[in-house]
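**Student:** One structure, pasted below without further comment.
No lab work stands behind these numbers, since they all come straight from the coordinates. None of the values given here were measured: they were computed from a predicted structure. Note: ideal-geometry Cβ built from the backbone for every residue, glycine included; neighbour counts use all protein chains shown.
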Amino acid sequence: MGFAGLKTKDGSPSHFRISNEDKTPMSTGQSVANWFERSSDWLNAILVKETRQALKSRQFVITFMLLLIASWLIAVFGMLVGGDAVEFGSTGGVFFGFYLAVLTTAIFVVVPFGAFRSLLNERDQFTYDMLSITTLSPRQIVMGKLLSALVQLLIYYSAVAPFIAFASLLPGFDLSKAAFLLVGAMSISLSYSMFTLMLSTFAKQRHWQTLLTVIVILVLVLQQFSWYGSITGLMFMPFSFEEPEFWWVVGCYVISTASYQMLFLQITTAQLTFESDNRSSGIRLTAAAQFWLFWIVTIATIAYFSGSTGFSFPVEAIGGLGIVSIIHWSVFGLFAATEPDYLSRRVRRNLPRNSFLRLLYIPFLPGGGRGFLYLTLHLFALWWIAVGLMPFTDTHASFQSEPVRYLINVMTFDSAAWTNELRVVTALCCYVMIYLGIGAATGRWARVVSTSIFPTHVRVLTFLLMLAAWLAPYIPDLIGTNYRGGYRLLYVSNPFSTSDHLWSGGSDSQAITLILLFGAFVSLLVNTPAMIRGVRDILTSRCKPLTE
Amino acid sequence: MTDIPPTNHADADEVVFDEPVELGAPSSPERTGEPTIELRNLHRYFGRLKAVNAVSFKAYAGQVMGFIGPNGSGKTTAMRILSTLDTPTAGDAFVCGYSVVDDPDKVRRLIGFMPDSFGKYANMDVVEYLDFFARAYGYKGAARRDAIERVLVFTELRKLADKSIDTLSKGMSQRLGLGRTLIHDPQVLVLDEPAAGLDPRARVELRELIHLLATEMNKTVFISSHILTELGEICDSAAIIEAGRILASGTINEIRDMQRESRGGSGAETFIARVANRVDDLERWLLEQPYVGLVSASGDACSFEFEGEQVQQHKILKGIIENGFELLEFHGKTESLEDAFMAITKGITQ
């Protein structure tokens, strides 16, 4: 007999009902309430819980009341101070600016901090364990927290809405601009909330939680003060809604923000995911999508703004954007390449059945060997993008009709084909390969020596190794007396001074490039067995589902 | 090195795991069919600390199994692994045949875990709390309302349905915790120290609820507690763990037998006869009887070890009366679970 057949102690079935389901005619209010009750079945459970809790919380009531009081005071004092002048000039815009300042205090500070505390409290008050053994997925938990932040946000908007409506009746109120700023503020607040949610998953011990809480409060408050200054500027800045360039820039902002929100969501979800589950693929896929989006949007933007003059890519942009991409891959590569190689049975079971899809999916699967493969492939892609764009620059426009010849020149190390920017991108790709390759190999070795080595240790070790390699060449200069300035080949282990030297076209650029390419090749060779193992492991893995 | 497959640890194949201890599962004749709980050579290491070390045992539907061990013996770690809150370093645990490593989602539908200290959400009343967990387990509409209703009835929390959970007493909070654990009608219940901090009445009530869950609803209840007398009353089997290793596992009687064996006993039962007169004579008389060994008199009572069958036991009793001893009381001395625990464990801490 299951719990479903349970009777009361006296043996009679229970007739207790939580909701009113009797047959008497219902008032409109009750009907609406029942409709909401039924609709809530389809809502995220966390959203329902958090909203219920938030609406009863002292913090919410106080913030809501303060918003109303502050907005009311602005209206009253504004009218008193302005007198008859409120009917002239741009008082509508000024009033709106004040309301926006009040609103952003709530939505840029209180809402993100509430989201941060809400997930942190789950651990702090031992409720997360109970939550995590329900059938809610980590993603549902995170989305629930984020959506409840959105609900609070909307309620705060509703508190200020009547006052903004009042401001709209005054002269100088720009409805399009106000709507744009309100929507923008909402998206920023949600971004902050997502970011603070992610931060909250990193602090698992009480002392880190306290420290992180203080940091989050400080950062939120400080950024809010900078917003107060920005709002004044925004009030008087003309917005060119009719110009396509404006919307293009907004589109770029939306894409980049959305991609980072997705990344934060993936990281937060991974942090909450069960240990034997796949914590890596979501982040790897998002990082790859970000990389490709970054280049596609950049190329499309330059093409768009090139207009009728024809597509021309600034050669400096290849170097600059290449550096941004390198930073991106240094961070994600460090995390991917230093993961343990072990693939859990659970992940193995969920591998794609189709061999081709499985092959494509390999770099995105957890494991250090596959992580290094993932990094290598994307660094190759970056280098090819840089090489591919070079004929579209002003300096190499002659190769536009002969891209193959340009490629041959690059492969044969023709100095004319190798611009300073291409050398910088190549050198930085090599540095990432070398340092992360050493880190990955050291991590594998360390794990063999000791079972107490975790990925975090390997990452810290890799970072320290890089730091030592960057600083070591300067030690002789510091203790010696014959330092004459300038770049020396001894500094080749330092990516910063080397990149600077290559960018300025140093005479030994060719030699440095070759040294770094050799280093990257050795690193690739050292890590090749791990990459092969990682690939073979997936291709030969049987992924029979367990019997139901 | 054993051939235990590593489950989650990156380099578990580099770890030398301790050999599993072969302990029989509770072997009551009625325990047939598949086990609802099975720990198979489970290991959980935290650095060098072997929190759970080669633990294996089984439990079946309708069984209340006690999990007994001193503080830091690995009880909570094993329970957390079983509830999919932690992953084993090696080995596996199964709930109704589903692996906690491979199928945590399925295990979560089948298991209800009540940790020793579970937090309470602020600004929430009893119904909202249960409603949230019902939603979290995917219950919708009438099914959700029915699930909440059943739990409120079973835990007798109906009167407190609208009360804020912050204001509930410890006993009522434990009931609510049990209700939360039952909301999705799980087959297996894992209760970690559920009676801790409860007053005697609340403990008795909780014991009744647990008994009802196993006997009436055929659920497996896996329960840890420090109050061994209480566990002895509600459990039909137990596993004793110390320093991460299972020292004894089986039905309560089997564990008592193990205790006797661990003392070097030959299976003799201890009896106590209290008389109104001639205790010394009774002692001498008993020493002359067959199947009787190790007699000792203390006050007005004589205790003796007896290895015979019931027929011989009857003869002894008859002989005492026929020889003119004024018998006031005659009974066998039952070894408590506490005695067994003290005899089996060695007080090792990690």
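**Student:** Report, for the protein assembly as shown, the % of DSSP beta bridges that are antiparallel, rounded to 5.
**Tutor:** Numbers: 39 of 56 bridges.
Around 70 percent of the beta bridges assigned by DSSP in the protein assembly as shown are antiparallel ones.
**Student:** Can you tell me the orientation of helix B:200-215 relative to chain B, as the angle in degrees between its alpha-carbon axis and the longest Cα principal axis, to the nearest 10?
**Tutor:** Approximately 80 degrees, to the nearest 10.
**Student:** At a 10 Å Cβ-Cβ cut-off, how would you order B:ARG180, A:ARG117, fewest neighbours first? Spell out each step's value before the answer.
**Tutor:** Working: B:ARG180 23, A:ARG117 17.
So the ranking, lowest neighbour count to highest, is A:ARG117, B:ARG180.
**Student:** For A:GLU245 and A:LEU464, compute 0.36 nm times the residue count separating them, minus their Cα-Cα distance, and round to one decimal in nm. Before the final figure, lay out the partial values.
**Tutor:** Details: separation 219, 0.36 × 219 = 78.84 nm, distance 4.43 nm.
Contour length minus Cα-Cα distance gives 74.4 nm.
**Student:** Note the direction-averaged projected area, equal to a quarter of the hull surface, for the Cα convex hull of the range A:261-333, in nm². Don't jump to the answer; show the numbers that get you there.
**Tutor:** Numbers: hull surface 22.3 nm².
If you wrap the Cα atoms of the range A:261-333 in a convex hull and average its projections, you get 5.6 nm².
**Student:** In deg cm²/dmol and to the nearest 500, what is the mean residue ellipticity at 222 nm of chain B if only DSSP H runs of at least 4 residues count, each as -39500 (n - 2.57), divided by the residue total? Mind showing how you got there, number by number?
**Tutor:** Values: 11 runs with 117 residues, N = 350.
Result for chain B: -10000 deg cm²/dmol, rounded to the nearest 500.
**Student:** Could you work out [θ]222 nm for chain A from helices alone, using -39500 (n - 2.57) per DSSP H run of at least four and dividing by all its residues? Round to the nearest 500 deg cm²/dmol. Walk me through the intermediate numbers first.
**Tutor:** Details: 21 runs with 384 residues, N = 548.
Mean residue ellipticity at 222 nm (helix-derived): -24000 deg cm²/dmol.
**Student:** I'd like to know how chain A sits against the 2.2 N^0.38 Å rule of thumb: what's its Cα Rg over that expected value?
**Tutor:** Working: Rg = 29.2 Å, N = 548, 2.2 N^0.38 = 24.2 Å.
Normalised Rg, Cα atoms only: 1.21.
**Student:** Now for a separate question. Taking chain B as a Gaussian network, Cα atoms linked when under 10 Å apart, which of B:VAL52, B:VAL107, B:VAL311 shows the biggest mean-square fluctuation?
**Tutor:** So, out of B:VAL52, B:VAL107, B:VAL311, the one fluctuating most is B:VAL311.
**Student:** Expected output is a single nm value to one decimal: the length gained when fully extending between A:LEU222 and A:LEU514, i.e. 0.36 nm times separation in residues minus the C-alpha distance. What is it?
**Tutor:** On the way: separation 292, 0.36 × 292 = 105.12 nm, distance 4.71 nm.
Fully extending the segment from A:LEU222 to A:LEU514 adds 100.4 nm.
**Student:** Along each of the three principal axes of the Cα atoms of chain B, give the extent in whole Å, ordering the values from largest to smallest.
**Tutor:** Principal axes ranked by extent give 75, 57, 35 Å for the Cα atoms.
**Student:** Related question: Over the range B:155-234, what number does the Rg to Rh ratio reach, with both radii from the alpha-carbon atoms and Rh per Kirkwood? Present the calculation step by step, with values, prior to reporting the outcome.
**Tutor:** Values: Rg = 12.5 Å, Rh = 13.1 Å.
With Rg and the Kirkwood Rh in hand, the quotient comes to 0.95.
**Student:** Shifting gears a bit: Would you mind checking the radius of gyration and Dmax of the range A:416-458 based on alpha-carbon positions, in Å?
**Tutor:** Cα radius of gyration and Dmax of the range A:416-458 are 15.9, 51 Å respectively.
**Student:** Hey, if you drop one equal point scatterer on each alpha-carbon of the range A:171-223 and run the Debye formula without solvent, what base-10 log of I(q)/I(0) do you get at q = 0.20, 0.22, 0.23 Å⁻¹?
**Tutor:** -0.76, -0.84, -0.88
**Student:** Compute the distribution of all C-alpha to C-alpha distances in the range A:320-413, in bins of 10 Å from 0, and list the percent of pairs in each, rounded to whole numbers.
**Tutor:** Bin by bin from 0 Å, the calculated values are 14, 32, 26, 19, 8, 1.
**Student:** Find out how many positive minus negative residues lie around A:LYS56, taking Lys and Arg as positive, Asp and Glu as negative, among other residues whose Cβ is under 10 Å from that of A:LYS56. Working shown, then result.
**Tutor:** On the way: positive: A:ARG52, A:ARG58; negative: B:ASP125, B:GLU128.
Summing Lys/Arg as +1 and Asp/Glu as -1 gives 0.
**Student:** Near B:THR84, within a Cβ-to-Cβ distance under 15 Å, what is the net charge of the other residues, with Lys and Arg +1 and Asp and Glu -1? All intermediate terms of the calculation are to be shown ahead of the outcome.
**Tutor:** On the way: positive: A:ARG345, A:ARG346, B:ARG44, B:ARG80, B:LYS106, B:ARG108, B:ARG109; negative: A:ASP129, A:GLU275, A:ASP277, B:GLU38, B:ASP86, B:ASP92, B:ASP102, B:ASP103, B:ASP105, B:ASP192.
Net charge around B:THR84: -3.
**Student:** At 37 °C and 0.692 mPa s, grab the translational diffusion coefficient of the range B:269-350 from Stokes-Einstein with a Kirkwood Rh over Cα pairs, rounded to a whole number in µm² per second. Write down the numbers at each step before the final one.
**Tutor:** Details: Rh = 13.8 Å.
Value of D from the Cα-based Kirkwood radius: 237 µm²/s.
**Student:** Would you kindly give the portion of the calculated P(r) for the range A:174-313 that falls above 23 Å, as a percent of all Cα pairs? All intermediate terms of the calculation are to be shown ahead of the outcome.
**Tutor:** Working: 5243 of 9730 pairs.
Considering the range A:174-313, 54 percent of its Cα-Cα pairs are separated by more than 23 Å.
**Student:** For a quick check: with amide H placed at 1.01 Å from N, whose amide H comes under 5 Å from B:SER237's, ignoring anything fewer than 5 positions away on the same chain?
**Tutor:** B:VAL64, B:GLY66, B:ILE252
**Student:** Ok, one more. Would you please calculate the Kirkwood hydrodynamic radius of the range A:360-436 over all C-alpha pairs and express it in Å, rounded to one decimal?
**Tutor:** Values: mean 1/r = 0.0729 Å⁻¹.
Final number for the Kirkwood radius of the range A:360-436 is 13.7 Å.
**Student:** Provide Rg over Rh for the range B:91-150; use the alpha carbon set for both Rg and the Kirkwood Rh (inverse mean inverse pair distance). It would help to have the intermediate numbers written out before the result.
**Tutor:** Numbers: Rg = 14.2 Å, Rh = 13.5 Å.
Ratio value, two decimals: 1.06.
**Student:** Between B:ASP281 and B:GLU338, take the C-beta separation as r, use R0 = 56 Å, and let me know the FRET efficiency to the nearest 0.05. Intermediate results must be reported in sequence, preceding the final value.
**Tutor:** Working: r = 34 Å, r/R0 = 0.61.
Between B:ASP281 and B:GLU338 the formula returns 0.95.
**Student:** When only alpha-carbon atoms are used, what values of Rg and Dmax, in angstrom, describe the range A:407-501?
**Tutor:** 17.2, 51
**Student:** Around B:ARG245, which amide H atoms from residues at least 5 apart in sequence, or from another chain, sit under 5 Å from its own amide H, with H modelled in the peptide plane?
**Tutor:** Sorted by chain and number, the residues that satisfy this are B:ASN53.
**Student:** Please report the equivalent ellipsoid semi-axes of the range A:389-548, computed as sqrt(5 x eigenvalue) of the Cα gyration tensor, largest first, in whole Å.
**Tutor:** Working: eigenvalues 252, 154, 25 Å².
Semi-axes (√(5λ), whole Å): 35, 28, 11.
**Student:** Let me know the shape class of the range A:251-294, please: from the alpha-carbon gyration tensor, a ≥ b ≥ c as square roots of the eigenvalues, rounded when a/c is under 1.5, otherwise prolate if a/b is greater than b/c, or oblate. Walk me through the numbers before you get to the answer.
**Tutor:** Working: a/c = 5.66, a/b = 2.13, b/c = 2.66.
Oblate, because a/c is 1.5 or more while a/b does not exceed b/c.
**Student:** Could I ask something else about it? What does the C-alpha gyration tensor say about the overall shape of the range B:36-76? Classify as rounded when a/c is under 1.5, otherwise prolate if a/b is larger than b/c, or oblate. Intermediate results must be reported in sequence, preceding the final value.
**Tutor:** Working: a/c = 3.86, a/b = 1.71, b/c = 2.26.
It is oblate, given that a/c is not under 1.5 and a/b is not larger than b/c.
**Student:** Now for a different question. With each label point set 7 Å from Cα along the Cα-Cβ vector, what nm distance links B:GLU156 and A:SER452?
**Tutor:** That separation, rounded to one decimal, is 5.2 nm.
**Student:** Enter the mean projected area of the convex hull around the alpha-carbon atoms of the range A:139-186, in nm², rounded to one decimal.
**Tutor:** Working: hull surface 14.6 nm².
Approximately 3.7 nm², given one-decimal rounding.
**Student:** A:PHE413: net charge of surrounding residues, Cβ under 14 Å, Lys/Arg +1, Asp/Glu -1, itself excluded? Please report the intermediate quantities before stating the final value.
**Tutor:** Details: positive: A:ARG423; negative: A:ASP414, A:ASP508.
It works out to a net charge of -1.
**Student:** Using a simple spin-label model with points 7 Å from Cα along the Cα→Cβ vector, what separation in nm is obtained for A:PHE496 and B:THR270?
**Tutor:** 7.7 nm
**Student:** Next question. Binning at 5 angstrom from zero up to the longest distance, how are the C-alpha pair distances of the range A:352-396 distributed in percent?
**Tutor:** 6, 19, 17, 16, 14, 10, 8, 6, 3, 1
**Student:** Between the range A:491-528 and the range A:254-303, what is the separation of their alpha carbon centroids in Å?
**Tutor:** 29 Å
**Student:** Now for a different question. When you have a sec, figure out the Kirkwood radius of the range B:119-173 from all distinct Cα pair distances and drop it here in Å to one decimal? Present the calculation step by step, with values, prior to reporting the outcome.
**Tutor:** Values: mean 1/r = 0.0880 Å⁻¹.
Over the range B:119-173, the inverse of the mean reciprocal pair distance is 11.4 Å.
**Student:** Could you list, in their original order, any pairs among A:LYS204/B:LYS163; A:LYS204/B:LYS219; B:LYS58/B:LYS170; A:LYS49/B:LYS140 whose Cα atoms are separated by more than 24 Å? Show your work: numbers first, answer last.
**Tutor:** Values: A:LYS204/B:LYS163 32 Å; A:LYS204/B:LYS219 34 Å; B:LYS58/B:LYS170 32 Å; A:LYS49/B:LYS140 15 Å.
Long pairs (Cα-Cα over 24 Å): A:LYS204/B:LYS163; A:LYS204/B:LYS219; B:LYS58/B:LYS170.
**Student:** To continue, here is another question. Would you work out if the range B:52-101 is rounded, prolate or oblate? Take a ≥ b ≥ c from the square roots of the eigenvalues of the alpha-carbon gyration tensor; rounded if a/c is under 1.5, else prolate when a/b is larger than b/c, oblate otherwise.
**Tutor:** Details: a/c = 1.80, a/b = 1.06, b/c = 1.70.
Oblate shape, in that a/c is at least 1.5 and b/c is the bigger or equal ratio.
**Student:** Please list the helices of chain A that count as membrane-span-like by this rule: a mean Kyte-Doolittle hydropathy of at least 1.6 together with Cα atoms stretching 18 Å or more along the helix axis, each helix being a complete DSSP H run.
**Tutor:** Long hydrophobic helices here: A:58-82, A:315-337.
**Student:** Would you kindly calculate the mean projected area, averaged across all directions, of the convex hull enclosing the Cα atoms of the range B:173-292, in square nanometres?
**Tutor:** Numbers: hull surface 47.2 nm².
Over all viewing directions, the range B:173-292 projects a mean Cα-hull area of 11.8 nm².
**Student:** Calculate the radius of gyration of the Cα atoms of the range A:96-182 to one decimal place, then report Dmax, the largest Cα-Cα distance, as a whole number, both in Å.
**Tutor:** 17.5, 57
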